[in-house]
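Input: a single structure, listed below in C-alpha cells.
The values are calculated or read from the model by the stated rules, or taken from the named source; none is laboratory data. Computed from a predicted model, the values in this text were never measured in an experiment. Note that we place each Cβ from the backbone using ideal geometry, even for glycine, and neighbour counts take in every protein chain shown. Surface accessibility is based on the protein's heavy atoms, side chains included, excluding ligands, DNA and RNA. Shrake-Rupley method; radii C 1.70, N 1.55, O 1.52, S 1.80 Å.
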There are 2 protein chains.
Amino acid sequence: MAPKVKPAILKGTRDFLPSQMVKRAYLVDTIRKVFERFGFDPLETPAIERWETLSGKYGEEGERLIYRFQDRGGRELGLRYDLTVPLARVVAMYPHLPKPFKRYQIQPVWRAEKPQKGRFREFVQCDVDIVGSSDMLADAEIIAVVYAALTELGLQGFKIKINNRKVIRGMIEVAGAPIEQELDIARAIDKLDKIGVEGVRKELEQRQIDKAVIERILDIMTLRGSDESVFAAAEKVLGTSEAALEGLQELRQVFEYLDLLEVPTGVYELDLSLVRGLDYYTGPVFETVMEQPKIGSIMGGGRYDRLIGIFTGQDIPATGTSIGLDRLVTVMDELDAWPIQTETRTEVLVVRFDPELTPLYLHITQTLRKSGFNTDFYTGKKNLRGQLGYAKDRGIPVVILIGSDEAQSQSATVRHMPTGQQATLPQSNLIPYIRKLLGKE
Amino acid sequence: MAPKVKPAILKGTRDFLPSQMVKRAYLVDTIRKVFERFGFDPLETPAIERWETLSGKYGEEGERLIYRFQDRGGRELGLRYDLTVPLARVVAMYPHLPKPFKRYQIQPVWRAEKPQKGRFREFVQCDVDIVGSSDMLADAEIIAVVYAALTELGLQGFKIKINNRKVIRGMIEVAGAPIEQELDIARAIDKLDKIGVEGVRKELEQRQIDKAVIERILDIMTLRGSDESVFAAAEKVLGTSEAALEGLQELRQVFEYLDLLEVPTGVYELDLSLVRGLDYYTGPVFETVMEQPKIGSIMGGGRYDRLIGIFTGQDIPATGTSIGLDRLVTVMDELDAWPIQTETRTEVLVVRFDPELTPLYLHITQTLRKSGFNTDFYTGKKNLRGQLGYAKDRGIPVVILIGSDEAQSQSATVRHMPTGQQATLPQSNLIPYIRKLLGKE
C-alpha cells in the first residue's frame with residue numbers, strides 16, 4: 001500500500017522531537033521560574049490577531065513578513081509577529097489592569113521569512129516587560145531579570161550592552177546631521193557588529209551624509225574604556241545636546257540600580273554604538289551578546305514609551321526585552337551545559353520479559369511511578385534484546401529485568417544503561433537503589 | 001490624542017490575563033508531570049502545516065473549519081486543527097523513532113467555528129498517545145494516565161466510559177442493517193447523550209433504517225448493569241458477530257489491565273452506546289464525563305490503527321486521547337478546587353514608601369528573591385495607600401512596609417493582605433515569618 005500523502009513539513013518550521021523538547025522545556029521552565037521570582041506574571045495572547053492590530057507596527061519590511069489571511073467572513077487576519085504589539089493591545093483593552101503591569105509571555109511567533117540556517121518561520125520568544133513605569137528602575141529590573149535567568153542556566157561569558165536612543169539622537173544632533181536622517185543614520189550604526197567601522201562609514205556615505213558629520217559620529221560611537229570614562233567623555237562631547245545629556249543621566253541611574261540589584265559590574269557595559277533595530281524605542285536600549293561561545297545576540301530590548309498610545313490614545317511608558325529560545329538552545333549545546341538528562345524524560349523501563357509475569361511487572365511499574373520515578377512499561381513485541389535496544393535508543397538510563405527466577409525469589413535485576421552495569425537485588429530495595437543510580441539522593 | 005487603532009480581538013479567541021494564566025499553567029504543569037510519570041515524552045509540531053497534511057483527515061464538516069491560507073509563494077497551508085494528524089505525520093517522517101512511541105503534546109489548535117459560549121477558535125489540547133503497540137495494555141495505559149492526571153488534580157465525580165468500535169460494528173451487523181450504513185448509524189448513536197433514546201430513534205428513522213433494526217440497536221446499546229452483566233448480555237446478543245466478540249474480548253483485556261494499573265473499578269464502565277464522533281477509530285474508544293459538576297465530556301479518545309498508514313503506506317497501530325484544558329478550568333472553578341493562589345504568581349510586594357530608602361528596599365527585595373519568594377518591588381508613582389491598593393488588585397498576599405523609623409531600627413512591617421493583619425519585626429526575621437504567612441513551611 002502506497003502512502004496517500006507524502007509526509008512533509010513547511011520549510012522553516014520544525015518538529016521538536018523528545019530529545020529537543022526536553023531541552024526546550026528545561027529552558028522555558030527555568031526562565032519562567034526566574035521571571036516569577038522577580039514578580040512578573042504570565043500572559044498569553046491569541047495566535048490570530050486582527051490585521052488592524054498588526055499593521056503599521058513593524059516597519060515596511062516587517063509588515064511584509066506577517067502571515068496574513070482572510071477568514072470565511074472576509075475579515076483580514078494575521079499571525080502573531082512578536083509579543084510586544086499584542087501586549088500593547090492588551091494594555092489598551094483592559095484599562096483596569098493594575099499598573100505597573102509586569103508580565104512575561106512565552107509563545108511562538110510567525111514570520112514569512114525565506115528559510116535559512118538559524119532563521120525560522122515559527123520560533124518561540126520569551127518576553128518580559130513592565131508597563132506603566134517611567135522609572136529607570138523598571139529598565140534595571142528588566143536587565144537584572146535577564147541576568148538572573150542566564151545565571152540560573154549556568155551561563156557566563158555574556159555581556160549586556162546598554163545605550164539610550166536619546167544619546168543616539170544627541171550624537172546625530174551634535175555631529176550636525178539633519179534630524180530627518182536620524183532613523184537612517186541609526187540603522188547604519190546598528191550594523192556596526194556585522195560590517196565594522198569601515199562598513200558603517202560606507203553605509204553613511206551612500207546615504208549622502210556629510211563626510212565631516214560621519215567622522216564625528218564614528219568618533220563618538222566608538223568611544224571605549226571603563227563605563228565611567230565613556231560616560232565622562234560622552235558627557236563632554238555631547239554636552240550641547242539636551243537629549244544626549246538626559247539619556248546619559250538616565251543610563252547613570254540604570255547603572256546605579258543595576259548595582260543595587262546585584263548585577264556584577266563586569267557583566268554590563270555602556271556601548272554608544274548600540275541602536276537596536278526597531279523604530280519604536282524611545283529610551284534605554286539593551287542587548288545581550290554571547291561572547292563565549294560566539295553566538296551573537298541572545299536578548300534585545302528597550303524602552304518604548306509611545307507604542308501603547310497607538311491603541312489607547314494616551315502614552316503609557318513601557319520597557320522590556322525578548323530572549324530568543326533557539327539561540328539559548330545553541331549556547332547550551334555548544335557549552336554542553338545541560339544539567340539534566342536530555343534524551344527523554346523517562347527514567348526507568350520495566351521490561352516485559354515473560355508475558356505471564358505482566359501483573360508483577362505492572363505492580364512494580366505502578367510502585368515506581370508512585371515513588372516519583374518516570375517509568376515506562378514496554379508494550380511492544382520485541383524480545384529482551386530488542387527491549388534493551390529500545391531503552392538505549394530512547395536514552396532511558398535504568399532498565400528493570402525480572403524473569404521467573406527473580407520473580408520466584410522476589411528479586412529484580414537492574415541495568416544501568418550508560419555504564420552497562422547490572423545488579424540483582426530484592427524487589428523491596430529497588431527504590432533506594434534506583435534513586436542512587438539516578439543521582440536523585 | 002485619539003487612538004489610531006481600536007484595540008480589539010478576533011471573536012472566539014481569548015487573552016489569558018494573569019489570573020487565568022496562573023490556573024492554566026497549574027493544570028498544564030500537573031498534567032505534564034503525570035504524563036511524564038507514565039513514561040510519555042514531550043513533542044511539539046508547527047502551527048502551520050502543508051494543506052496536503054491536513055486535508056481529507058477530518059471529514060467534510062471538519063475540513064471546512066480549518067484555517068486555510070496561501071503563503072507568498074502560493075503554497076497552500078493550514079493551521080493545526082488537532083494534535084493527532086500532526087503526530088501521524090511525525091511518525092511517518094521519522095521512521096527511526098523508537099516504538100512504541102509514547103508522546104504527549106500540549107499545544108493550541110485552531111478551528112474556524114462560529115464563536116459561541118464555550119466554543120473557541122483557538123484552544124489548547126493535551127494529548128497523550130502510544131504509537132506502535134497493538135496491545136490492549138496500551139489502551140489501558142492511556143485510560144490509566146488520564147485517571148492519574150484527574151486524580152492528581154484532586155478531581156472525583158467523573159466516569160470513564162469505554163466501548164469498542166468493533167462492538168458498534170457487530171451491533172449493526174446483528175441488528176441486520178447494511179454495513180454501508182455503519183457510519184451513519186454510528187453518528188446517530190453518538191448523539192444519545194444529547195438527544196436521548198427517542199432522539200436517536202428519530203435520527204435513525206430519518207436515515208431510512210428499518211424499524212425492526214432500529215429497535216434491536218436501541219435494545220443493545222441501552223444495556224445497563226454491572227460491567228460483568230453487560231459483558232455477558234452483549235456476548236450473548238452479539239454472539240453471531242465475529243467483530244463484536246473480538247471487540248468485547250479486547251475490552252475484557254483492557255478492563256483486566258486497568259485493574260492491574262490500579263484504576264478503581266467504579267471509575268470506569270462499559271457503555272455500549274459510546275461511539276466517539278471521529279471516523280478514524282478502529283478499536284477501543286473512551287470518554288471521560290464529568291458528572292459532579294455536570295460539565296459533560298472532558299476527555300475523549302480511542303484506538304486508530306489505520307490513520308498513520310495514510311502517511312506511511314503501512315498501518316501502524318496507535319491509541320490515545322485528548323484532554324480539553326478549557327473544560328478542566330471550568331470544572332476546577334465550579335468545584336473551587338484550586339490548591340494554589342490563583343490571582344498572581346507574586347507572593348510579596350516591597351512598598352516604595354520613602355524613595356531615599358530605595359537601596360534598602362532593593363536589598364530586601366533581592367534577599368527575598370534569593371530565598372525563593374516571588375517578590376516585586378513597586379516601580380510606579382502611587383503613594384502608600386495606592387501601593388496597598390495595587391497589591392490588593394493584583395492579589396499579592398504579603399506586603400512589606402519600611403519607613404525611616406523601621407529603617408533606623410532595622411525592622412519591617414509585614415502586612416498580610418487577606419486578613420489585614422500587620423506585624424513589625426526585625427528584618428532578620430522576615431524570611432521565616434513570611435514563609436509561615438504563606439503556608440510554605
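So here's what we get for this one:
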{"read-out": "Flag for A:ARG75 being facing another protein chain (nearest Cβ under 9 Å) and in contact with a helix residue (DSSP H, G or I) (Cβ under 7 Å, 6 or more places away or on another chain)", "value": "no"}
{"read-out": "Qualifying position, being among the hydroxyl-bearing types (Ser, Thr, Tyr), open to solvent by less than 20 Å² (accessible area, probe 1.4 Å) and under 33 Å from the mean Cα position of the chain (by Cα), among B:THR346, B:THR379", "value": "B:THR346"}
{"read-out": "All positions within region B:256-268 that are away from chain A (no Cβ under 14 Å), at pLDDT 95 or above and over 20 Å from the mean Cα position of the chain (by Cα)", "value": "none"}
{"read-out": "Some residue of region B:323-343 being open to solvent by less than 20 Å² (accessible area, probe 1.4 Å) and among the hydroxyl-bearing types (Ser, Thr, Tyr)", "value": "no"}
{"read-out": "Single residue of A:ARG72, A:ARG37, A:ARG68 found to be assigned by TED's automatic domain parsing to the domain that holds A:ALA148 and more than 24 Å from B:LEU77 (Cα to Cα)", "value": "A:ARG37"}
{"read-out": "Filter pass, B:VAL28 being under 18 Å from A:ASP29 (Cβ atoms) and either open to solvent by less than 50 Å² (accessible area, probe 1.4 Å) or more than 8 Å from every other protein chain (Cβ to nearest Cβ) (or both)", "value": "yes"}
{"read-out": "Filtered residues of region B:382-398 (kept if open to solvent by less than 10 Å² (accessible area, probe 1.4 Å) and either at positive phi or assigned to a strand (DSSP E or B) (or both))", "value": "B:VAL398"}
{"read-out": "Residue count for region B:121-158, restricted to those that are in a helix (DSSP H, G or I) and in contact with a Pro (Cβ under 6 Å, 6 or more places away or on another chain)", "value": "1"}
{"read-out": "Among (1) open to solvent by less than 10 Å² (accessible area, probe 1.4 Å); (2) more than 19 Å from the chain's Cα centre (by Cα) - the single one A:ALA144 does not satisfy", "value": "(2)"}
{"read-out": "Restricting region B:36-72 to residues that are in a helix (DSSP H, G or I) and touching a helix residue (DSSP H, G or I) at 6+ places or on another chain (Cβ under 7 Å), the residue that is nearest to B:GLN105 (Cα to Cα)", "value": "B:ARG37"}
{"read-out": "Matching option when the condition is among the basic types (Lys, Arg), surrounded by fewer than 23 Cβ atoms within 10 Å (Cβ to Cβ), at negative phi and assigned to a strand (DSSP E or B), among B:LYS161, B:LYS114", "value": "B:LYS161"}
{"read-out": "Residue satisfying all of: in region A:49-72; more than 10 Å from chain B (Cβ to nearest Cβ) and free of Cβ contacts under 8 Å to residues at least 24 places away in the same chain; farthest from the chain's Cα centre (by Cα) among these", "value": "A:GLU60"}
{"read-out": "Sole exception among (1) open to solvent by less than 30 Å² (accessible area, probe 1.4 Å); (2) part of a strand (DSSP E or B) for A:SER297, by number", "value": "(1)"}
{"read-out": "Criterion (part of a helix (DSSP H, G or I) and within 11 Å of chain B (Cβ to nearest Cβ)) met by exactly one of A:THR367, A:THR346", "value": "A:THR367"}
{"read-out": "Residue within region A:16-30 that is farther than 30 Å from B:ASN374 by Cα, of a type in the set (A, V, I, L, M) and at pLDDT 95 or above present", "value": "yes"}
{"read-out": "Some residue of region B:126-137 being among the small types (Gly, Ala, Ser), more than 30 Å from B:GLU246 (Cα to Cα) and either open to solvent by 20 Å² or more (accessible area, probe 1.4 Å) or not assigned by TED's automatic domain parsing to the domain that holds B:THR312 (or both)", "value": "no"}
{"read-out": "Qualifying residue in region A:399-414 (condition: open to solvent by 40 Å² or more (accessible area, probe 1.4 Å), in a loop (DSSP other than H, G, I, E, B) and at pLDDT below 95)", "value": "no"}
{"read-out": "Test set (1) modelled with pLDDT of 95 or more; (2) under 24 Å from the mean Cα position of the chain (by Cα) - B:ASP279 fails condition number", "value": "(1)"}
{"read-out": "Qualifying positions in region B:226-257 - under 12 Å from B:VAL174 (Cβ atoms), of a type in the set (Asp, Glu) and in contact (Cβ under 8 Å) with a residue 24 or more places away in the chain", "value": "B:GLU242"}
{"read-out": "Matching residues, region B:201-225, being without any contact (Cβ under 8 Å) to a residue 24 or more places away in the chain, in a loop (DSSP other than H, G, I, E, B) and open to solvent by 70 Å² or more (accessible area, probe 1.4 Å)", "value": "B:GLN208, B:ARG224"}
{"read-out": "Counted residues, region B:130-161 - those being touching a residue at least 12 places away in the same chain (Cβ under 8 Å) and over 30 Å from B:ASP336 (Cβ atoms)", "value": "11"}
{"read-out": "Residue identified as surrounded by fewer than 24 Cβ atoms within 10 Å (Cβ to Cβ), more than 28 Å from B:ALA92 (Cα to Cα), within 9 Å of another protein chain (Cβ to nearest Cβ) and free of Cβ contacts under 8 Å to residues at least 12 places away in the same chain among A:PRO7, A:PRO98, A:PRO42, A:PRO46", "value": "A:PRO98"}
{"read-out": "Selection within region A:347-387 - under 17 Å from B:LYS102 (Cβ atoms) and of a type in the set (A, V, I, L, M)", "value": "A:VAL348, A:LEU349, A:VAL350, A:VAL351, A:LEU362, A:LEU368"}
{"read-out": "Within region B:10-25, considering residues that are more than 7 Å from every other protein chain (Cβ to nearest Cβ) and part of a helix (DSSP H, G or I), the one farthest from A:GLY56 (Cα to Cα)", "value": "B:LYS23"}
{"read-out": "Members of region A:292-310 found to be in contact with a strand residue (DSSP E or B) (Cβ under 6 Å, 6 or more places away or on another chain) and more than 14 Å from every other protein chain (Cβ to nearest Cβ), listed by number", "value": "A:SER297, A:ILE298, A:MET299, A:GLY300, A:GLY301, A:GLY302, A:TYR304"}
{"read-out": "Tally, over region A:251-277, of residues that are buried (at least 19 other Cβ atoms within 10 Å of the Cβ) and farther than 22 Å from A:LEU150 by Cβ", "value": "3"}
{"read-out": "Count of region B:278-294 residues which are of a type outside the set (Val, Ile, Thr) and open to solvent by 20 Å² or more (accessible area, probe 1.4 Å)", "value": "9"}
{"read-out": "Among (1) assigned to a loop (DSSP other than H, G, I, E, B); (2) at the interface with chain A (Cβ under 9 Å from one of its Cβ atoms); (3) in contact (Cβ under 8 Å) with a residue 40 or more places away in the chain, the one test that B:ASP82 misses", "value": "(2)"}
{"read-out": "Criterion (under 30 Å from A:THR330 (Cβ atoms) and of a type outside the set (D, E, K, R)) met by exactly one of A:GLY277, A:GLY247, A:GLY225, A:GLY239", "value": "A:GLY277"}
